[in-house]
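The values are calculated or read from the model by the stated rules, or taken from the named source; none is laboratory data. Just so we're clear, the structure is a prediction, and the values are computed from it rather than from any experiment. Note that we place each Cβ from the backbone using ideal geometry, even for glycine, and neighbour counts take in every protein chain shown. All accessible areas refer to the heavy atoms of the entire protein, side chains included, with ligands and DNA or RNA removed. Shrake-Rupley method; radii C 1.70, N 1.55, O 1.52, S 1.80 Å.
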Amino acid sequence: MSTLKVNALQDTSGNNLSRVLQVVQTVKTDTASESVGSGSFTSTVYLPTNITPNATNSKILITVSICLQDYGQPYIALQRDGSAICVGDADGSRMRITSGTYMFDSISLATVNAHFVDSPNTTSQVTYGVKLAVRDNNTSTIYINRTEANNNYSYAMRGASTLIAQEIAP
């Protein structure tokens, strides 16, 4: 067996190549539900994932895949330490979200995905996660990893949701 040890990898122009320094993942396989009012996000931050960058100029690649159900349109807003990041610009009273999808019944399950490269500019622990919302004129319940109907049929499903944080070297 051979061992290769280097201080830095460079491309043909002499530029240092980035590399992944660490990978942290949160996996949610159980179910949850939370009621949320029109135009509001859940109070809970789902898929909380802690990562401590090695350098202040490191980038963090966030990859989210969350199974949601609401008879309408479920949305997510990516969070860093409880504050929204990677959301649309403010415009009137419109909701600022990261991503969302459309549902057409109470027995389907949809996956909402998001990818974002963050620059937290710290070497202290950072917590990433998502808050959830739905498009509804009333209070509605959003379901994670299960359907609203929650039928015990062979065609019914349970999902798994993940958030992966990867530190990319400067």
> Could you give every pair whose Cβ atoms fall below 7 Å, whose first residue belongs to segment 134-149 and is under 19 Å from Ser43 (Cβ atoms), and whose second residue is open to solvent by 10 Å² or more (accessible area, probe 1.4 Å) and of a type in the set (A, V, I, L, M), counting only separations of at least 6 or pairs across chains?
Replying inline: Ile144/Ala32; Asn145/Ala160
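Restricted to segment 74-108, and to residues that are of a type in the set (Phe, Trp, Tyr) and exposed (fewer than 14 other Cβ atoms within 10 Å of the Cβ), which residue is farthest from Lys131 (Cα to Cα)? Can you show your working first?
At the first step, the residues of segment 74-108 found to be of a type in the set (Phe, Trp, Tyr) are 75, 102, 104.
Filter again for exposed (fewer than 14 other Cβ atoms within 10 Å of the Cβ), leaving 102, 104.
Working: Tyr102: 17, Phe104: 22 Å.
Restricting to residues being of a type in the set (Phe, Trp, Tyr) and exposed (fewer than 14 other Cβ atoms within 10 Å of the Cβ), the top hit is Phe104.
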> Taking segment 21-41, which residues are of a type outside the set (D, E, K, R), in contact with a Leu (Cβ under 8 Å, 6 or more places away or on another chain) and either modelled with pLDDT of 95 or more or open to solvent by 50 Å² or more (accessible area, probe 1.4 Å) (or both)?
Replying inline: Gln25, Thr26, Phe41
> Out of all the residues in segment 1-20, which are part of a loop (DSSP other than H, G, I, E, B), without any contact (Cβ under 8 Å) to a residue 40 or more places away in the chain and either among the hydrophobic types (A, V, I, L, M, F, W, C) or open to solvent by 90 Å² or more (accessible area, probe 1.4 Å) (or both)?
Replying inline: Met1, Ser2, Thr3, Leu4, Lys5, Val6, Asn7, Ala8, Leu9, Thr12, Ser13, Leu17
